[in-house]
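Trainee: Before anything else, here's the structure in question.
The values are calculated or read from the model by the stated rules, or taken from the named source; none is laboratory data. On a predicted model such as this, the values are computed, not experimentally measured, just so you know. We place every Cβ from the backbone using ideal geometry, glycine too, and count neighbours over all the protein chains shown.
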Amino acid sequence: MSCSINLKNISYKTDTKKIFSNISLDVSHEEKVAIIGANGSGKSSLLKIIAGLLIQTEGELYLFHNKIDKLKDFKKFRSDLGYLPQDVSDHFLCPTVIEDVMFALRAKGIEKDEAYKQSINILKELGILHLENRNIYDLSGGEQKIVALAGILITKPKILLLDEPTNALDESAENKIIDILNSINKSMVIVSHHKTFIDRLTPTIYCLESSSLNNIN
C-alpha cells in the first residue's frame, strides 16, 4: 500500500530549545494514526511540520513520495492537506456557517451557486444543516469544531491533520466528532492527550518523547 506521509529522522528545535529529534513515521493511504505524549513533547509542532506550517530542523519529510525540503515545496500539496488546529475560533473567515464553508470553494473560482450546493451537502453529511445561517461565534465549541471540519472536508483533502479535535468538548460533541471521523476514509494523523478518544478511532497509536516515537500497541 502506498504511503501518504514518510518522516525520516525528523528533528525540530527553536532558537532556545530542542523540541524532539530523530522521529520517524510512515502513514499509509487511508490509514488513521494517533500521536499522544506529555504536554510540551512537541505533538503540535510535529503536526505543523507535516502540515507545512513549520519546517524540520533536520531529517527528511515526504508527501506522496515527494521530498519536502522547504516550506515552498508544500505549495503543490496544499489542497491535499486538511489541518484542524486546536483552537479553531481564530481561523474562521466569514460570519455565518454557510459563508465560511463556502469560502474555500469561492476562493478556488467555483461559482456561487455550485459552492452553495456543495456546502449544503457537506453540512447535511455532518449533521449540522440546522446551523447554516447561524453566526459562528454564537456556536458552542463542539459546533465550531464541526463547522471547521466541514470547511476542511469541502476541499476534499487526501490527508487530515487534527490537533486535539475534542479538546474541551463535552461527551456529546466528542461522540459526534468520533462518528464523523470514523465515517471518513482518508489518511489521518490525530494528535490527542485523550487516549479513550483515540482508542475509538484507531489501533495505531504512537507516543512522542524527546527522541523517539514509539508504537504503544
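Trainee: Among the residues that make up segment 135-146, is at least one of them closer than 25 Å to Lys75 by Cβ and surrounded by 16 or more Cβ atoms within 10 Å (Cβ to Cβ)?
Mentor: no
Listed here are the residues, each with its yes/no results for (1) among the hydroxyl-bearing types (Ser, Thr, Tyr); (2) free of Cβ contacts under 8 Å to residues at least 12 places away in the same chain; (3) over 24 Å from Ile49 (Cα atoms).
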position: Lys158; (1), (2), (3): no, no, no
position: Asp163; (1), (2), (3): no, no, no
position: Thr166; (1), (2), (3): yes, no, no
position: Ser172; (1), (2), (3): yes, no, yes
position: Asp179; (1), (2), (3): no, yes, yes
position: Ser183; (1), (2), (3): yes, yes, yes
position: His194; (1), (2), (3): no, no, no
position: Leu201; (1), (2), (3): no, no, no
position: Leu213; (1), (2), (3): no, no, no
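Trainee: Does segment 52-74 contain at least one residue that is under 18 Å from Asn214 (Cβ atoms) and surrounded by 14 or more Cβ atoms within 10 Å (Cβ to Cβ)?
Mentor: yes
Trainee: Is it true that some residue in segment 110-122 is assigned to a loop (DSSP other than H, G, I, E, B) and over 20 Å from the mean Cα position of the chain (by Cα)?
Mentor: Within segment 110-122, the first condition is being assigned to a loop (DSSP other than H, G, I, E, B), and the residues that meet it are 110-111.
After this cut, where a residue has to be over 20 Å from the mean Cα position of the chain (by Cα) as well, the list is 110-111.
Yes.
Trainee: Between a first residue in segment 71-95 that is at pLDDT below 95 and a second residue that is part of a loop (DSSP other than H, G, I, E, B) and polar (S, T, N, Q), which pairs have beta carbons less than 7 Å apart while being 6 or more apart in sequence or on different chains?
Mentor: Note: pairs meeting the criteria are Ser79/Thr155; Gln86/Asn167.
Trainee: Just wondering, is there one or more residues in segment 36-43 that are of a type in the set (Ser, Thr, Tyr), more than 15 Å from Met188 (Cα to Cα) and surrounded by 18 or more Cβ atoms within 10 Å (Cβ to Cβ)?
Mentor: Yes - at least one qualifying residue is present in segment 36-43.
Trainee: Among the listed residues Ile205, Ile190, Ile216, Ile178, which satisfies the condition of being of a type in the set (Val, Ile, Thr) and in contact with a Cys (Cβ under 6 Å, 6 or more places away or on another chain)?
Mentor: From the options Ile205, Ile190, Ile216, Ile178, the qualifying one is Ile216.
Trainee: Here is a follow-up. Looking at (1) of a type outside the set (A, V, I, L, M, F, W, C); (2) in contact with a helix residue (DSSP H, G or I) (Cβ under 6 Å, 6 or more places away or on another chain); (3) within 23 Å of Ala34 (Cβ to Cβ), which is the one condition that is false for Asp170?
Mentor: (2)
Trainee: Do we find a residue being modelled with pLDDT of 95 or more, in a loop (DSSP other than H, G, I, E, B) and in contact with a strand residue (DSSP E or B) (Cβ under 6 Å, 6 or more places away or on another chain) anywhere in segment 49-56?
Mentor: Yes; the residues of segment 49-56 include at least one that is modelled with pLDDT of 95 or more, in a loop (DSSP other than H, G, I, E, B) and in contact with a strand residue (DSSP E or B) (Cβ under 6 Å, 6 or more places away or on another chain).
Trainee: Restricting to segment 180-217, and then to whatever is part of a helix (DSSP H, G or I) and more than 16 Å from the chain's Cα centre (by Cα), can you tell me which residue is surrounded by the fewest Cβ atoms within 10 Å (Cβ to Cβ)?
Mentor: Residue satisfying both the conditions and the ranking: Thr196.
Trainee: Related question: Looking at Asp113, Asp100, can you tell me which residue is on the phi < 0 side of the Ramachandran plot and in contact with a Cys (Cβ under 8 Å, 6 or more places away or on another chain)?
Mentor: Answer to the selection: Asp100.
Trainee: Suppose we filter segment 14-47 for residues that are part of a strand (DSSP E or B) and under 15 Å from Glu60 (Cα atoms); how many remain?
Mentor: Residues flagged as part of a strand (DSSP E or B) and under 15 Å from Glu60 (Cα atoms) within segment 14-47 amount to 8.
Trainee: Please find, among Ile98, Ile68, the residue that is of a type in the set (Val, Ile, Thr) and more than 30 Å from Arg134 (Cα to Cα). Give the derivation first.
Mentor: Details: Ile98 fails: more than 30 Å from Arg134 (Cα to Cα).
Matching residue, one of Ile98, Ile68: Ile68.
Trainee: Which one of these does Ala104 not meet: (1) at pLDDT 95 or above; (2) in contact with a helix residue (DSSP H, G or I) (Cβ under 8 Å, 6 or more places away or on another chain); (3) assigned to a helix (DSSP H, G or I); (4) not polar (S, T, N, Q)?
Mentor: (1)
Trainee: Being farther than 20 Å from Asn121 by Cα and in a helix (DSSP H, G or I) is the requirement here; does Ala168 meet it?
Mentor: So Ala168 does not fit the description; no.
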